[in-house]
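S.K.: First the structure, which I've put down as structure tokens, then a few questions once you've had a look.
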Amino acid sequence: MRQLYSRLRAIRNPMIGALPQSNTNQVSAGSTWVFSPWLLIALYLGFVLTPILLAWAQGLPPRKWQDELSSGLALSAFAGLLIEFVLSGRFRLVSGHIGIDTTMRFHQLMARSLTVFILMHPFLYVTPMMNDPLPWDTTAQHTLGLTMAAFSTGLIAWLALMLIVFFAIFREQTGGSYETWRLSHGIAAVMIAVFGMHHTIDAGRYSSDSTLAVFWFVLLTTAIFTLLWVYALKPCGQLRNPYSVQSVRSVALKTWELVVTPLEGDVIDFSAGQFVWLNVGHSPFSLHENPFSIASAPVSRNQISFVIKEVGDFTRSIGQIAPGTVAYVDGPHGNLTLKGRNGAGIALIAGGVGIAPLLGILRQLRHDRDKRPIVLLYGNRVHDQIVYAEELVKMQEVLNLRVEHVLGEQPRGWQGRSGIIDASTVRDILGRPDAENWLYFVCGPLPMIEGVESTLLSMGVSNRQIISERFYYD
Ligand SMILES: Cc1cc2nc3c(=O)[nH]c(=O)nc-3n(C[C@H](O)[C@H](O)[C@H](O)COP(=O)(O)OP(=O)(O)OC[C@H]3O[C@@H](n4cnc5c(N)ncnc54)[C@H](O)[C@@H]3O)c2cc1C
């Protein structure tokens, strides 16, 4: 919660308060139009409070405060749950501006908070301290004036919500593939939306009002449309722009480079550091797609490369992918980019495969012959995990770049740093009088990201100068 709060505080139009730039070269692509994240927050609050305002405007006679509270919680929670569809991380309008991490943390935090509201909703009506008859009275549902249909749809939506949140929180522990979880998550979400809608209109004291009913209809249609967009319309578009695997090669221990090329035309328009959902060898309508950062620079117009670490089903099979295999790319997504951001210098802090998006940024900076000082702080457990070591050395001939490797286990004769990227390493390498004027891009394991972020903040670097992205949302 504290992290989300500090992130939201940091989110703002990156152009506001921009620092003077020592070099005008920009790593950028596409539009420079920036959607204020505060506008997104205001919109969110507007949507969840609107049903309460519309209910209040009906001027119905007041009931017990517990009943009104129960209705109010349910009204705003149902609106919030329908908005969760848009906060799924697949919409550039949202995640392209506030970043995928913040989008997903917001999605998770809101889902949990709204679940508490919905959890309380029926109990506020029937709790023995507040209402008569007592909850063990089997006729309690009738005293609420519910039809059997409204009772059933409410119960189904309520149970589906409890299950969806439980399995989202304990996904790793419950086993099963990510794709199965994703499918069940989507089905349960649709059940909550559709059954919840029926319950709201049929049982709700306020929602049968035509204005509020129209509001629910618009939100439900938007929610269903988001699914159609992600699982039907976008894949149709991808069918017209297929890619093919150009090469696959091992670049480090359990780490692969995968290069795809469009069958026709140029690659998607992206900014260095962004990521895509990549589907290799499956129909674009399948759930077999994974997010990967683009490790190449936008300047390579005819190919996109990825650096992929083996962790599970798909990534362990990368080595067996044959050149020529068809692939589909959904993106670009994410805001780990230099686009619209200025800094006197650039620090790139990578843990393991977190180097992937930072490589994209470095490669574009090299192409732009950027003159600013750049530091790459690159941590790995063992030497064999370092990718593109020679390219990094050569980059130093073109860029004002300092590369600092940190290894957990040092090989014999290792001259570099040892240990992990901790507070003392960050202070040692990045501590400088103008540190607060630099930009910091951080990507790697969550503990590393959190440690680096708090060290930078304690060094006086403002939150908006730190851009980080993690690869797992659990
Ligand atoms: C924004 C972003 C950028 C990433 N960039 C890179 C990169 O450049 N290189 C790299 O090696 N890894 C990257 N990852 C991580 C990569 O997506 C996972 O390692 C990969 O999807 C694992 O798939 P799997 O089938 O091998 O393993 P699984 O066992 O299926 O999954 C392992 C874990 O990966 C995550 N994951 C799997 N599938 C998805 C999915 N479709 N959507 C979201 N998360 C999923 C889940 O947390 C899951 O628990 C990135 C992740 C994100 C979110």
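Readers should treat all values here as calculations from the given coordinates under stated rules, not as data from a laboratory. For clarity, every value in this text was computed on a predicted model and none was experimentally measured. So basically every Cβ, Gly included, is an ideal-geometry build from the backbone, and we count neighbours across all protein chains shown.
S.K.: Could you check what % of the DSSP bridge pairs in the chain are antiparallel, to the nearest 5? All intermediate terms of the calculation are to be shown ahead of the outcome.
M.R.: Numbers: 25 of 49 bridges.
DSSP beta bridges in the chain are roughly 50 percent antiparallel.
S.K.: Still on this structure: As an exercise, use a Förster radius of 41 Å and the Cβ-Cβ distance of SER247 and ARG402 to find the FRET efficiency, rounded to the nearest 0.05.
M.R.: Details: r = 31 Å, r/R0 = 0.75.
In this case the efficiency is close to 0.85.
S.K.: Using a 10 Å cut-off around each Cβ, can you sort VAL214, VAL375 from fewest to most neighbouring Cβ atoms?
M.R.: Working: VAL214 11, VAL375 19.
Result, fewest neighbours first: VAL214, VAL375.
S.K.: Here's another thing I want to ask about it. Please compute the modelled spin-label separation between ARG112 and THR147, points set 7 Å along Cα→Cβ, answer in nm with one decimal.
M.R.: The two pseudo-label positions are separated by 3.8 nm.
S.K.: With +1 on the Cβ of every Lys and Arg and -1 on the Cβ of every Asp and Glu, and nothing else charged, how large is the dipole of the chain about its Cα centre, in debye rounded to the nearest 20? Walk me through the intermediate numbers first.
M.R.: On the way: 36 positive and 34 negative charges, 175 e Å.
Dipole magnitude for the chain comes out near 840 debye.
S.K.: Any idea what the relative contact order of the chain is, in percent, if you count C-alpha pairs under 8 Å spaced at least 6 apart?
M.R.: Working: 794 pairs, mean separation 77.1, N = 474.
Rounded, it is 16 percent for the chain.
S.K.: Averaging over every viewing direction, what projected area does the convex hull of the Cα atoms of the chain cover, in nm²?
M.R.: Values: hull surface 101.0 nm².
Quarter of the Cα hull surface area: 25.2 nm².
S.K.: Residue separation times 0.36 nm, minus the C-alpha to C-alpha distance between SER317 and THR211: what's the value?
M.R.: Details: separation 106, 0.36 × 106 = 38.16 nm, distance 5.30 nm.
Residue separation times 0.36 nm, minus the Cα-Cα distance, leaves 32.9 nm.
S.K.: Considering the alpha-carbon set of the stretch 35-237 alone, what are its Rg and its Dmax in angstrom?
M.R.: Rg, Dmax (Cα atoms, Å): 17.7, 57.
S.K.: Can you run phi through the Karplus equation (6.51, -1.76, 1.60; θ = phi - 60°) for the stretch 296-311 and list ³J(HN,Hα) in whole Hz, with x for Gly and Pro?
M.R.: Karplus values, whole Hz, x for Gly and Pro: 8, 9, x, 5, 7, 6, 10, 7, 10, 10, 10, 10, 10, 9, 6, 9.
S.K.: What is the stretch 344-415's relative contact order, in percent, from Cα pairs under 8 angstrom and six or more apart in sequence? Spell out each step's value before the answer.
M.R.: Working: 95 pairs, mean separation 26.0, N = 72.
For the stretch 344-415, the relative contact order is 36 percent.
S.K.: How large is the helix-only mean residue ellipticity at 222 nm for the chain, computed as the sum of -39500 (n - 2.57) over DSSP H runs with n ≥ 4, divided by its residue count, in deg cm²/dmol to the nearest 500?
M.R.: -14500 deg cm²/dmol
S.K.: Report the gain in length on full extension from GLN415 to ARG432: 0.36 nm times residue separation, minus Cα-Cα distance, nm rounded to one decimal.
M.R.: Full extension of this stretch gives 3.8 nm more.
S.K.: May I pose another question? From the backbone phi of the stretch 90-100, what are the Karplus-calculated ³J(HN,Hα) couplings (6.51 cos²θ - 1.76 cosθ + 1.60, θ = phi - 60°) in whole Hz, Gly and Pro given as x?
M.R.: Here the 3J(HN,Hα) series is 9, 10, 4, 4, 9, 5, x, 9, 9, x, 5 Hz.
S.K.: Check each of the GluC sites (Glu not before Pro) in the stretch 347-414 and keep only those in coil by DSSP with at most 15 other C-beta atoms within 10 angstrom; list them in order. Display every interim value, and only then the final one.
M.R.: Values: sites: GLU390, GLU391, GLU397, GLU404, GLU409; in loops: GLU409.
Here the GluC sites (Glu not before Pro) that fit, given the DSSP loop and packing criteria, are GLU409.
S.K.: Magnitude of the Cβ-charge dipole of the stretch 243-333, K/R +1 and D/E -1, about the Cα centre, nearest 20 debye? Walk me through the intermediate numbers first.
M.R.: Details: 5 positive and 8 negative charges, 66 e Å.
It comes to approximately 320 debye.
S.K.: Over the Cα atoms, compute the radius of gyration (one decimal) and Dmax (the largest Cα-Cα distance, rounded to a whole number) for the stretch 346-469, in Å.
M.R.: 13.6, 40
S.K.: Just going by the charge dipole of the chain, with Lys and Arg at +1 and Asp and Glu at -1 on Cβ, which of VAL382, ALA203, GLY413 is farthest out on the positive end?
M.R.: GLY413
S.K.: A follow-up question, please. Which order results if MET148, MET191 are arranged by neighbouring Cβ count within 10 Å, fewest first? The partial results should precede the final answer.
M.R.: On the way: MET148 9, MET191 18.
Ranking MET148, MET191 by Cβ neighbours within 10 Å, fewest first, gives MET148, MET191.
S.K.: So how do 289-297, 228-236 stack up, highest first, on mean other-Cβ count within 10 Å?
M.R.: Working: 289-297: 23.7, 228-236: 14.0.
Result, highest mean Cβ count within 10 Å first: 289-297, 228-236.
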